[in-house]
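The block underneath contains the structure these notes are about, expressed in structure tokens.
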Amino acid sequence: MDSVPLPQDQEAERIRVETSERVSGDISQHWDSDKAMDAKTRNYLGYAGVECRIIGTFFLEENSENIEGPLSVAFGSDISNYYPNRGLKVYKPHSEALELIVNYRSTSNLHEQKATYNTSSLVKLGSVRYASTNRKYQRIDDVKVFISPADLLGQKTALFGMTRTGKSNTTKIIAKSVFELRHPDKNKKPLRIGQIIFDPNGEYANENIQDNGALKNVWRLIPGTTKSKEVVTYGITKHPNDPDRILMLLNFYREENLQIGKDIIDSLLSEDTTIYIKNFLQVTFEKPDENDRSASTRYRRRVLAYRSVLARAGFQIPSNLHVSTRDLFNRTLIAAMQNSQGNNSAEYQSAAITFGADNPTLHQLANAFQSLDKFMRDNTSGYQAFETAYVNRSGGSGDRWADEDFKKILGIFQYPNGTRKIGKVAEQHSPGTKEDYAQDIYAHLLNGKLVIVDQSTGDPELNDSSARRIITQIFKGHQGLFIRGEQNIPHILVYLEEAHNRLPSELEKNLKDIWVRTAKEGAKYHIGMVYATQEVSSIQKNILRNTANWFISHLNNTDETKELCKYYDFKDFEPYYTAGAGQRIPEGKNTQ
């Protein structure tokens, strides 16, 4: 750990000072020269103390698979015996001994992985050395550090360190090693693991000068395969060098996608505190029983108003979309608008004509709904008289003509900024798209494909809402498999670059957040997560506490090193991080 004082240190310091004073001014010798000090005294001053901490015990045990075979090395994370009356010696391992120590894996863990995944593959991560200074002749510069890709499955893995210290390269090594499990060595069963990478800088989905190629080309390592079978790239915009990219677009007007599109809008506006937006977020589109005529009519009216909002917000209208107002607007209501004597009577009359038409356009309906909202709030328009008569009509249900959800949708038309806010989502809309990209991505992952989501372009808020939709689909999909009692739930690994932009910060305490739930509950659903960022303190503690594997590069801030000391044995290395010797420990540390 460090040096430690010995009982004779004070006397030794006195001797050193006196000798130094005696030889002061003579540049030909220093305090421990042969002429300045006798051999016995020099030997007396040659001792120093080393502070050590025992982190475990290596011992020999019988091989459970072959009792008659040689003993195997095992490790216990404590100390079984201690002999204070014996002279203990400290050895500095190198070569084979050091490689055995840093790459030790328990026999039970190996057996479990072979039984579960039929693989015990190891992948080189880097080389170990004792200090930042690389002394090649100490027989440690060629000692390799390995990781097992299977150790990452169903676990949370963190990569922390300053920019340009190898986090992305480590992520690529991990993703590549997991991908290669589908094409193992002889006598091993292929293992297809679905992986999804949220790529905020486009460095995995696109080839760039900094990297030799891109991770999207990893499929070329598998002989006799094609990209479409192994790797899928997604993005909000097209890329000239990626013609096969699938755009994350949705037809918001399709009835099958109404609630999905509304969820995307809700996610984008979830932090908006204005009353009319909060009311709009409460609206859902759950199709009622077709035999309930009244509920079906109200549902169709809400859908028509919502589609009008989309049209006003700039969502391109599909050419094959049929719009009808048939049986949606009470004749008495239309008559009341036509006969209105209020301040905006001309506007109300124009809206009544639109509602009475057979096939008006959505833009015409948007203007009409805006006028209807004014008509309903205008005390002099005649709407109150119509509403009273409608509620008290003979044989009626007693309900008001306009339900609350319908009013909340109309409320968007009260403020010009309402449709502008919703219009931010328009770039995720395509009038010709039929499928839901979140469900398609989940299907790719179930098939064991590598999915790269390029989020280097587009609005950051849209990218965040897209990532949430996708991780929600993954979590709920695997949760459903678990609840139904599926025996072989496929493993999925989720990679988050620049994780501070996705995962909730330490200041956010919402334990129901989908990212927090994935971190806390994902393991039992076979969902693993690999997240990389610069600062330990930028990640919520609930996620850190459920992180099993840690890869730490250089940290130059004492706040970060102290935060790191709360987990596992990193407090042993904290003085080295503080001193700036970030490479004093191995490139990676797997403490699972």
Open item on the list: Can you list residue pairs whose Cβ atoms sit under 7 Å apart, with the first residue in segment 389-415 being within 16 Å of Arg312 (Cα to Cα) and the second being at pLDDT below 95 and among the small types (Gly, Ala, Ser)? Count only pairs 6 or more apart in sequence or on different chains.
Closed with: Ile412/Gly418
Open item on the list: Within segment 261-276, does at least one residue satisfy the condition of being at pLDDT 90 or above, of a type in the set (A, V, I, L, M, F, W, C) and in a loop (DSSP other than H, G, I, E, B)?
Closed with: yes
Open item on the list: Under 8 Å between Cβ atoms, which residue pairs at least 6 apart in sequence (or on different chains) link something in segment 49-69 that is over 30 Å from Pro5 (Cα atoms) with a partner that is small (Gly, Ala, Ser) and surrounded by 11 or more Cβ atoms within 10 Å (Cβ to Cβ)?
Closed with: Phe59/Ala74; Phe59/Gly76; Leu60/Ser72; Leu60/Ala74; Glu61/Ser72; Glu61/Ala74; Glu62/Ser72; Asn63/Ser72
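Quick grid of which residues meet (1) over 25 Å from Ile79 (Cα atoms); (2) outside any loop (DSSP other than H, G, I, E, B); (3) not polar (S, T, N, Q):
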residue	(1), (2), (3)
Arg14	yes, yes, yes
Glu21	yes, yes, yes
Ile27	yes, no, yes
Lys40	yes, yes, yes
Phe58	no, yes, yes
Task: segment 413-444 - residue that is within 15 Å of Asp263 (Cβ to Cβ) and not in a helix (DSSP H, G or I) and, of those, modelled with the lowest pLDDT - done: Asp436
Open item on the list: Need the failing condition index for Pro84 against (1) over 48 Å from the mean Cα position of the chain (by Cα); (2) in contact (Cβ under 8 Å) with a residue 24 or more places away in the chain; (3) in the same structural domain as Thr107 (by TED's automatic domain parsing), just the number.
Closed with: (2)
Open item on the list: Checking Ala158 against (1) surrounded by 19 or more Cβ atoms within 10 Å (Cβ to Cβ); (2) touching a Ser or Thr at 6+ places or on another chain (Cβ under 8 Å); (3) at pLDDT 85 or above; (4) within 23 Å of His444 (Cα to Cα), only one condition comes out false. Which one?
Closed with: (4)
Task: Members of segment 318-372 found to be of a type in the set (S, T, N, Q), part of a loop (DSSP other than H, G, I, E, B), under 48 Å from the mean Cα position of the chain (by Cα) and buried (at least 18 other Cβ atoms within 10 Å of the Cβ), listed by number - done: Thr325
Task: Neighbours by Cβ (under 9 Å, 6+ apart or cross-chain): first from segment 236-257, over 17 Å from Gln455 (Cβ atoms); second part of a loop (DSSP other than H, G, I, E, B) and among the β-branched types (Val, Ile, Thr) - done: Asn251/Thr433; Tyr253/Ile317; Arg254/Thr433; Asn257/Thr433
Open item on the list: Going by what's in this entry, would Ala519 be described as in a helix (DSSP H, G or I), touching a residue at least 40 places away in the same chain (Cβ under 8 Å) and under 27 Å from Pro318 (Cβ atoms)?
Closed with: no
Open item on the list: Against the definition (within 18 Å of Tyr531 (Cβ to Cβ), of a type in the set (D, E, K, R) and either touching a strand residue (DSSP E or B) at 6+ places or on another chain (Cβ under 7 Å) or at pLDDT 85 or above (or both)), how does Lys144 come out, yes or no?
Closed with: no
Task: Test: residue in segment 164-172 that is modelled with pLDDT under 85 and exposed (fewer than 14 other Cβ atoms within 10 Å of the Cβ) - done: yes
TODO: May I ask you to list the residues in segment 178-207 that are modelled with pLDDT of 85 or more, surrounded by fewer than 20 Cβ atoms within 10 Å (Cβ to Cβ) and touching a helix residue (DSSP H, G or I) at 6+ places or on another chain (Cβ under 6 Å)?
DONE: Arg192
- [ ] Inspect segment 255-262 for any residue being under 20 Å from Ile474 (Cβ atoms) and surrounded by fewer than 17 Cβ atoms within 10 Å (Cβ to Cβ) and give the result as yes or no.
- [x] yes
Open item on the list: I'm trying to understand the selection: among the residues of segment 358-376, which are closer than 17 Å to Ala335 by Cα and out of contact with any helix residue (DSSP H, G or I) (no Cβ under 8 Å at 6 or more places or on another chain)?
Closed with: Asp358
Task: Subset of segment 549-575 [in a helix (DSSP H, G or I), at pLDDT 85 or above and under 25 Å from Pro149 (Cα atoms)] - done: Leu564
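The values are calculated or read from the model by the stated rules, or taken from the named source; none is laboratory data. This one's a predicted model, so the numbers in the text were calculated from it and none came from an experiment. Using ideal geometry, Cβ is built from the backbone for each residue, glycine included, and neighbour counts are taken over all protein chains shown.
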